[in-house]
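See below for the structure under consideration.
The values are calculated or read from the model by the stated rules, or taken from the named source; none is laboratory data. Keep in mind that this is a model prediction, so the values were computed, not measured. No Cβ is skipped: glycine too gets one built from the backbone with ideal geometry, and neighbour counts run over all protein chains shown.
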Amino acid sequence: MRVFFEGTGRDDFTPAERIKISFHLLALLRLFEAAYHQYREGVVSEEILEVCDSALLRTQYFAESWPIYRPELSRAFATFLDSHLELPTPANTTEVRDSKEAHS
């Protein structure tokens, strides 16, 4: 999959390809998020967090896409990934999330 090539970012894919990749990444993130919350509830051991260290989450494509995906995840899991993967936390993403939660 080209997304794993070093230096390959969002602009290297067509809009249709980006949609396909986004569906795969979001599905993967949802699985990791479920595992993370199970760990927090004490259902599974800390070893489950090693699963979150996917090569796909360490690509340039993911780093460029993180501001798009981050608001779709729980705040706790997004913060965990920010620190675990050393991802930048976009200030406006947090504000959008806070605004969504305030109105729900």
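Can you pull out every residue in region 12-63 that is within 13 Å of F80 (Cβ to Cβ) and among the aromatic types (F, W, Y)?
If the condition is that a residue be within 13 Å of F80 (Cβ to Cβ) and among the aromatic types (F, W, Y), then F32, Y36, Y39 are the ones that fit.
Looking only at region 58-67, filter to residues that are crowded, with 19+ Cβ neighbours inside 10 Å and of a type in the set (A, V, I, L, M, F, W, C); which one of those is nearest to A78 (Cα to Cα)?
W66
Examine region 30-47 for a residue that is surrounded by 14 or more Cβ atoms within 10 Å (Cβ to Cβ), more than 15 Å from the chain's Cα centre (by Cα) and farther than 15 Å from A76 by Cβ, and state whether such a residue exists.
Yes: region 30-47 contains one or more residues that are surrounded by 14 or more Cβ atoms within 10 Å (Cβ to Cβ), more than 15 Å from the chain's Cα centre (by Cα) and farther than 15 Å from A76 by Cβ.
Every residue in region 43-63 that is in a loop (DSSP other than H, G, I, E, B) and free of Cβ contacts under 8 Å to residues at least 24 places away in the same chain, please.
V43, V44, S45
If you go through region 3-17 one residue at a time, do you hit one that is at pLDDT below 90 and in contact with a Leu (Cβ under 9 Å, 6 or more places away or on another chain)?
Yes.
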